[in-house]
Amino acid sequence: MDFRVNLTEIKKLFIINKKPMKVSVIIPTFNSEKFIKRAIYSVLIQSYEDFELIIVDDCSTDNTVKIIESFNDDRIKIVKHDVNTGVGVARQTGLKYTTGDFVLFVDSDDYLKDDFIEMCVLLQKQENADIIYTSFSISFPNAFQTLCAGDYLMEKEATLQLYYTNQIKFLTGKLIRRSLCDKIVWSNNRIGEDCQTLYMLMYEADLVRSSSYTGYIHVWRDGSLLANKPQMYVLIGSLYAEIDVIKFLIEKNNKRLLDYQLNNWLVQYRQMKVTEGDIPVEMVDWYNKVIEFRKSSIFDDV
């Protein structure tokens, strides 16, 4: 079966299946005065109209909140944190206020093409998928790069092939069935939290539809959380996230996927090409644990 995007055929299915589907868009923000207006506007002009926009301000100290409040639109709900917690917790806060069937996470410095939500909904209707996993455009200061997710329909554990083979391990830019969000334990980490959260969501999903359609623009800027950190910090954050995936698979007692994940973790660890003195002692300890666990069937230390 050809899963490439055929907008005409998908719209025919959408016309037949007229059941309404509300989308809850969640934007966590912190000191985003330079770009939050563009992010909000890109949501408000969507061709698909059945949505709500929940913006969670994580204790901004600039004009972010004033800019948000300048939008006179009853589709917008503003939630304010009393303490700065990081983007992962802000997303969890946003989920508490959702009323939609599906959720879409958007970072405050990113933006959408005006047909993004419509395309995601049409793709969801095509196969009644739990997650729509779209391609990405990354906007660098002087260039664009596309990360293509491909056109696939994955069921059950096969959905995780997308996780392992794609570079797109962000929560953003994916349409996610709201009920899935209540089945997992969300991470409170400040970096790398996307990885394990996305993995758990895909593990719980019955059907994931990926698409080569690109309508989410991720903006790479010097002041962003990832760009502002040393590469080693980012790599170690990713490895910590993958440790949470290991713990998750232990709880699920899924030995086959656990073995795959352990090997995947070791590959990432070794690819860092650094001496043990350059990384936290705890990470070295985890390396030794992973090695030992691959030799046994019980991981008592977790």
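The values are calculated or read from the model by the stated rules, or taken from the named source; none is laboratory data. Predicted, not measured: the structure shown is a model, and the values here were computed from it. All Cβ positions, even for glycine, are placed from backbone atoms using ideal geometry, and neighbour counts span all protein chains on display. We work out accessible area using only protein heavy atoms, side chains counted, and drop any ligands, DNA or RNA first. Shrake-Rupley method; radii C 1.70, N 1.55, O 1.52, S 1.80 Å.
Remarks
- Check on VAL43, within 21 Å of the chain's Cα centre (by Cα), under 23 Å from GLU193 (Cβ atoms), without any contact (Cβ under 8 Å) to a residue 60 or more places away in the chain and not in a loop (DSSP other than H, G, I, E, B): no
- Selection status of GLY150, modelled with pLDDT under 90 and assigned to a loop (DSSP other than H, G, I, E, B): yes
- If you filter the range 83-127 down to residues that are in a loop (DSSP other than H, G, I, E, B) and in contact with a His (Cβ under 8 Å, 6 or more places away or on another chain), you find that the one that is surrounded by the most Cβ atoms within 10 Å (Cβ to Cβ) is ASP110.
- Of all residue pairs spaced 6 or more apart or on separate chains, those with beta-carbon atoms under 8 Å, a first member in the range 178-206 that is under 18 Å from GLU127 (Cα atoms) and a second member that is of a type in the set (Lys, Arg) and crowded, with 18+ Cβ neighbours inside 10 Å are ALA205/ARG177.
- Selection count where residues are in a helix (DSSP H, G or I) and open to solvent by 10 Å² or more (accessible area, probe 1.4 Å), scope the range 46-76: 4
- Screening VAL79 on (1) more than 18 Å from the chain's Cα centre (by Cα); (2) outside any strand (DSSP E or B); (3) surrounded by fewer than 19 Cβ atoms within 10 Å (Cβ to Cβ) shows it passes everything except condition (2).
- Residue in the range 164-184 that is at pLDDT 95 or above, touching an Asp or Glu at 6+ places or on another chain (Cβ under 6 Å) and either among the aromatic types (Phe, Trp, Tyr) or open to solvent by less than 10 Å² (accessible area, probe 1.4 Å) (or both) present: yes
- Condition check for GLU33: surrounded by fewer than 19 Cβ atoms within 10 Å (Cβ to Cβ), over 17 Å from PHE105 (Cβ atoms) and without any contact (Cβ under 8 Å) to a residue 24 or more places away in the chain: no
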